[in-house]
Amino acid sequence: MSLENRVSEIIVNKLGVKPEEVKPEADFQTDLGADSLDLVELMMDFEDSFGLKITDEEASELRTVGDVIGFLEKKDLEA
Amino acid sequence: MVNKRIVLTGMGAFTPIGKTVFECWDSAVAGRSGIRRITLLDPSPFSSKIAGEVKDYDPSEYLDRRLVRRTDRFTQLAIIAAREAYGQSGLADSGMDPTRLGTIIGSGIGGIETLERDHRTALERGPDRISPFFCPMMISNMACGRVAIDLNAKGINYATVTACASSGHAIATAVDAIRLGHADAIIAGGTEAPITMMGLGGFCAMKALSTRNDDPQTASRPFDKDRDGFVIAEGAAMVVLEDYEHARERGADIMAEVSACGMTCDAHHITAPAEGAEGCARSMMLAVERAGRTLEDVDYINAHGTSTRLNDPSETEAIKTALGETMAYGIPVSSTKSVTGHLLGAAGAMELIFTALAIKEGIVPPTATLQEPDEECDLDYVQGEAREADLQFALSNSLGFGGHNVTIAVSRV
């Protein structure tokens, strides 16, 4: 499964949104209805699924689906 | 202000004996037990392997998927029962001012399933894996927080936590809150989802639970000589309490009047009732006095009647102390825990509903499982079968670990 699809699946499961809503430009809070607690949990799920740590500073920059995909791609390159 | 009359205009229940108030009442009157072998966890390591579970409960039938994931079971049950009560009241269609609608919901424990799950996660994977939803899912006030969001109830809102008297206190304090002018209507009741390793194991450790595992449906046997403990159960029960004038003006269907409540404490022992059951007796006498009635007026008592060795004779003695022996022998006293099991924090609200329906329908629900009364339990417990009776005024008792006693007095309208 592609990175995009894995990210999308986690978001769909966690936030209960439809797969077609999970576009790269979708903002977790304003478009996908996440609150601050949802975001914490979402970051924990990304950490668990991709086996990495996301610091609070990094997490605060991850506002959209595209931000997360870009971040994970970069982490993958670093690794 | 303090002379305001408070009435019941809505009821909801989601319990082992039914998923609506109608189903619960029908089961209570018919004496149909909701007690079965436990399915929510493997009961084999526990001395008590039976419980009252809500049958075939699938939260997604009632709540959207996201809400299901963000709520402990005790909150889910509360939302479902509160929706029924509020729907039945008709308040939503009557232009109810949300700021005048309150919510007071008790739970003896709160989100113990969530507590256990996240505690296990923390032990296995470290404290940084604790869910950010752990605290808001576990805390025992979240049922009333969530119900308020669900029904847009912006008035007075808090939780009561007094073990098995929790929803008795929720209702009693809701009555007072309406009398004091804090709200025109309050959704009040209780909820509990205790069938977990720690909930079940904790009560097993106290030797409080029945071990009649080979005969679940008669295991909760209040006042019986062979009773051997209570049967743990889950569920929620809610009522809508309303200022009588508010209800009358909007043409509401009024089911009964909650006349007054008595609240006392034994100040004696953490779990055992006081000598002579004086705390429970005082709460009954206070409820009658505050209702402006006399003890002769009491037509029926829905007992706390848990089926434990200590409670049943003690409550029997309290009834005799409160009413005097002659009157105590002359009225029906029944325990609907015989079929529901012990709903803990939801018990008081469920039993208030049964008491109100007994008055409204003219039917006394039985102590369905009572076979041979204990020598020390010699009142008329409405053994086995329901009975028709013209009831004008009745009491419902709720007693909790901690020595808490609540009696709610209900009148025909």
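The values are calculated or read from the model by the stated rules, or taken from the named source; none is laboratory data. Just so it is clear, the structure is predicted and the values come from calculations on it, not from any experiment. FYI the Cβ positions are ideal-geometry reconstructions off the backbone, even for glycines, and counts take in every protein chain you see. Side chains are part of the model used for accessible areas, which takes the heavy atoms of the whole protein and leaves out ligands, DNA and RNA. Shrake-Rupley method; radii C 1.70, N 1.55, O 1.52, S 1.80 Å.
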Would you mind checking which residues have amide H under 5 Å from B:Asp224's amide H? H placed 1.01 Å from N; only 5 or more apart, or other chain. B:Asp374
Would you be so kind as to identify which of B:Thr306, B:Gly345, B:Val364 lies farthest towards the positive end of the dipole of region B:260-411, taking Lys and Arg as +1 and Asp and Glu as -1 on Cβ and the Cα centre as origin? B:Gly345
Selection from A:Leu42, A:Val12, A:Thr55, by position along the positive dipole direction of region A:3-78 (Cβ): A:Val12
Spelling out what I want: for every residue of region B:319-328, take phi, set θ = phi - 60°, compute 6.51 cos²θ - 1.76 cosθ + 1.60 (Karplus), and round to whole Hz; glycine and proline get x. 5, 5, 5, 5, 8, x, 4, 4, 6, 4
Report the net charge of residues surrounding B:Phe22, where surrounding means a beta-carbon distance below 12 angstrom and charges are Lys +1, Arg +1, Asp -1, Glu -1. -3
Protection proxy (average C-beta count within 10 Å per residue), highest first, orders B:346-359, B:194-207 as B:346-359, B:194-207
Which order do B:Ser283, B:Ser131 take when ranked by solvent-accessible area (1.4 Å probe, heavy atoms of all protein chains), largest first? B:Ser131, B:Ser283
At 222 nm, what helix-only mean residue ellipticity would chain B give, in deg cm²/dmol to the nearest 500, using -39500 (n - 2.57) for each DSSP H run of four or more? -10000 deg cm²/dmol
On a straight-distance basis, which aspartates and glutamates could pair with A:Lys23 in a cross-link, Cα separation under 19 angstrom, same-chain partners fewer than 8 positions away excluded? A:Glu4, A:Glu9, A:Asp31, A:Asp35, A:Asp38, A:Asp45, A:Glu61, A:Asp67, A:Glu73
Probe 1.4 Å, heavy atoms of protein chains only: per residue, the accessible area of chain B in Å² is 36 Å²
Quick one: angle between helix A:36-50 and the longest Cα principal axis of chain A, in degrees between 0 and 90, rounded to 10, please. 40 degrees
If you place +1 on the Cβ of every Lys and Arg, -1 on the Cβ of every Asp and Glu, and leave all else neutral, what size is the dipole of chain B about its Cα centre, to the nearest 20 Debye? 1340 debye
Give me the orientation-averaged projected area of the Cα convex hull of region B:348-413, in nm², one decimal. 5.3 nm²
If one takes the accessible area of chain B alone plus chain A alone and subtracts that of the pair, with a 1.4 Å probe, what total in Å², rounded to the nearest 100, results? 1100 Å²
Can you sort B:His404, B:His342 by solvent-accessible area, 1.4 Å probe, largest first? B:His404, B:His342
Lysines near A:Lys75 by alpha-carbon distance under 16 Å, same-chain residues fewer than 8 away left out - which ones? A:Lys53
Cβ charges +1 (Lys, Arg) and -1 (Asp, Glu), total dipole of the protein assembly as shown, debye: 380 debye
Among B:242-249, B:297-304, A:19-26, B:389-396, the order from most to least packed when residues are scored by Cβ within 10 Å on average: B:297-304, B:389-396, B:242-249, A:19-26
Could you tell me the distance between the Cα centroids of chain A and region B:241-314, to the nearest Å? 54 Å
Pull up all non-local amide H partners of B:Gly402: gap of 5 or more, or a different chain, and H-to-H distance under 5 Å with H placed in the peptide plane. B:Thr271
Would you mind telling me which residue in A:Leu52, A:Leu39, A:Leu62 has the biggest mean-square fluctuation in a Gaussian network model of chain A, where springs connect alpha carbons within a distance under 10 angstrom? A:Leu52
Enumerate the calculated ³J(HN,Hα) couplings along region B:210-218 in order (Karplus 6.51 cos²θ - 1.76 cosθ + 1.60, θ = phi - 60°), each rounded to whole Hz, writing x wherever the residue is Gly or Pro. 5, 10, 6, 5, 7, 9, x, 6, 10
Go from 0 up to the bin containing the longest alpha carbon distance in region B:259-395, width 10 Å each, and give me the % of pairs per bin. 12, 46, 38, 4
Among B:Ala13, B:Ala148, B:Ala272, the residue with the largest mean-square fluctuation in a Gaussian network model of chain B built from Cα contacts under 10 Å is B:Ala272
